[in-house]
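Asker: Input: one structure, supplied below.
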Amino acid sequence: MKTTRRQRRFGHQLVIYCGATVAVLFCVFPFYYAILTSLRTGQELFLPAYLPNGFHWHNYVVALVDNGIARSLLNSVLVATITVGICLLVSITASFALARVPFRGRKFLLFTILCVSMFPQVAVLTGMFELVRFLGLYDSLGALVLSYTTFSLPFTVWVLTTFMKSIPVELEEAAIVDGAKTWTIIRRVFAPILAPALVTTGLLAFIGAWNEFMFALTFIISGDKRTVPVAISMFSGASTFELPWGSIMAASVVVTLPIIVLVLIFQKRIVSGLTSGAIKG
């Protein structure tokens, strides 16, 4: 009986480890092969190989310097950071009002926010273009900040409102008794408790702004104001019929690394935010 239980336990663990290995290989292998391709030159790009034959950094120099990816990286960092900052600042105050202040039509407003977050980008592209042109933001990074904030804000407000409702009212009442104002309560009571949710929603908003392509292609025409997805799509080879795969892969690796670093830094906060939402939601 003990042997049978041990065999079953071993079989279950073996299945779990095999499944985890397959999932890791499935997720990591494309990025690994992109790194290999970025370190190859010439005919090596078209030869199938799964181990590096050498380390040629010329593709990274071409991508960062000659094709202006370094400038585009700065643009993407600036746009994504400002977008996240605005979204979190507005969301934490809006979620406080939606979760704590009773008023007529609150549920309908939350339902409207949820519906707005489901709109596809192409459905509002024309309206956003007219708004951007009316505000004089065309061909500026402000157009991207406005459009990205418009799409990220409903999701962050919805998520933070759900978390805000799970916070005990007694904490707020104790702060009011101590003489704390509304902004002090939000900043010193709710913000530390909502830290996992803020990190999770902020990172998702950052990734959305970092990877967005349609608005960046439509609203920006100057080469020095492009974000990285558009800049990579504009890569050109020595001739019309050549695609610089090495430079493209080098740029893709450089663009992906910041997201990986952010996830590794805030992984505990992200997991805490997701699990708290699953339990309390």
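The values are calculated or read from the model by the stated rules, or taken from the named source; none is laboratory data. In this text the structure is predicted, and so the values were computed from the model without any measurement. A quick note on method: Cβ atoms are made from the backbone with ideal geometry, for glycine too, and the neighbour counts reach across all protein chains shown. Side chains are part of the model used for accessible areas, which takes the heavy atoms of the whole protein and leaves out ligands, DNA and RNA. Shrake-Rupley method; radii C 1.70, N 1.55, O 1.52, S 1.80 Å.
Asker: Here are the criteria: (1) under 30 Å from Phe55 (Cα atoms); (2) under 25 Å from the mean Cα position of the chain (by Cα); (3) surrounded by fewer than 21 Cβ atoms within 10 Å (Cβ to Cβ); (4) not hydroxyl-bearing (Ser, Thr, Tyr). Tell me which single one Pro196 does not satisfy.
Answerer: Status for Pro196: all satisfied but (1).
Asker: Could you list all residues from region 125-153 that are open to solvent by 40 Å² or more (accessible area, probe 1.4 Å), polar (S, T, N, Q) and closer than 21 Å to Gly85 by Cα?
Answerer: Hit for region 125-153 is Thr150, nothing else.
Asker: Also, quick follow-up: Is it the case that some residue within region 245-261 is modelled with pLDDT of 90 or more, aliphatic (A, V, I, L, M) and within 27 Å of Phe151 (Cβ to Cβ)?
Answerer: The initial filter retains those residues of region 245-261 that are modelled with pLDDT of 90 or more, namely none.
No, region 245-261 contains no residue that is modelled with pLDDT of 90 or more, aliphatic (A, V, I, L, M) and within 27 Å of Phe151 (Cβ to Cβ).
Asker: Taking the condition of being open to solvent by less than 100 Å² (accessible area, probe 1.4 Å) and farther than 16 Å from Ser252 by Cβ, how many residues in region 21-37 meet it?
Answerer: Residues that pass the stated criteria total 4.
Asker: To continue, here is another question. Keeping to region 177-216, report how many residues are hydroxyl-bearing (Ser, Thr, Tyr) and without any contact (Cβ under 8 Å) to a residue 60 or more places away in the chain. Write out each step before concluding.
Answerer: At the first step, the residues of region 177-216 found to be hydroxyl-bearing (Ser, Thr, Tyr) are 182, 184, 200-201.
If we keep only those that are without any contact (Cβ under 8 Å) to a residue 60 or more places away in the chain too, we end up with 184.
Count: 1.
Asker: Can I ask one more? For the list (1) open to solvent by 30 Å² or more (accessible area, probe 1.4 Å); (2) farther than 24 Å from Leu141 by Cβ; (3) touching a Leu at 6+ places or on another chain (Cβ under 6 Å); (4) modelled with pLDDT of 85 or more, I need the number of the one condition that Cys18 fails.
Answerer: Failing condition for Cys18: (3).
Asker: How many residues are surrounded by fewer than 20 Cβ atoms within 10 Å (Cβ to Cβ) and of a type outside the set (Gly, Ala, Ser) when one looks only at region 159-171? Walk me through it before giving the result.
Answerer: Restricting attention to region 159-171, the residues satisfying the condition of being surrounded by fewer than 20 Cβ atoms within 10 Å (Cβ to Cβ) are 162, 165-171.
Next, only the ones that are of a type outside the set (Gly, Ala, Ser) stay: 162, 165, 167-171.
Matching residues across region 159-171 total 7.
Asker: Separate question: May I ask you to verify whether Arg40 is closer than 24 Å to Ala250 by Cβ, at pLDDT below 85 and open to solvent by less than 50 Å² (accessible area, probe 1.4 Å)? Walk me through it before giving the result.
Answerer: Working: closer than 24 Å to Ala250 by Cβ: yes; at pLDDT below 85: yes; open to solvent by less than 50 Å² (accessible area, probe 1.4 Å): yes.
Taking the combined requirement at face value, the residue satisfies it.
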